[in-house]
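Step one of this worksheet: look at the structure below.
No value in this document is a laboratory result; all are computed from the given coordinates. Source: prediction; values computed, not measured. Positions of Cβ are backbone-derived with ideal geometry, glycine not excepted, and every protein chain shown enters the neighbour counts.
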Amino acid sequence: MRTARARTRVRGKLNGASRQARWQAARVAEGCCAQCGKRRRHYPRLCDVCAMAVRRRNRERAGNSPWRPGGPGRPPIIRDRVRGSGSSRTARGRS
Ligand SMILES: [Zn+2]
């Protein structure tokens, strides 16, 4: 996650950064996911699986429904593959 702590934002310097932040920065620098360390494909910081999980968690927490064409916001770069399973818990009564 992007925690935006001032000491980690000094460009190129990670002296005061935590061990976790240094590990994540190293993974991002070598083209890997900042969470699981696997190879990234589409997103600048996370792999597709982790990005999808983050998106689903945030959606559940905010109580939002998945993006659909014509809706607000930019479309996700990688669409959620499973339509029914992830959104079934968050599906609220649509009238
Ligand atoms: Zn990942």
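Scattering from the range 16-64 was approximated by placing one identical point on each alpha carbon and applying the Debye formula without solvent; log10 I(q)/I(0) at 0.16, 0.24 1/Å stands at -0.48, -0.80.
Size of the dipole of the range 16-64 about the Cα centre, Lys and Arg at +1 and Asp and Glu at -1 on the beta carbon, nothing else charged, in debye to 20?
Here the size comes out at about 60 debye.
What length, rounded to one decimal in nm, is gained on full extension from residue 68 through to residue 18, with 0.36 nm per residue of separation minus their alpha-carbon distance?
Details: separation 50, 0.36 × 50 = 18.00 nm, distance 3.83 nm.
That pair, residue 68 and residue 18, stretches by 14.2 nm at full extension.
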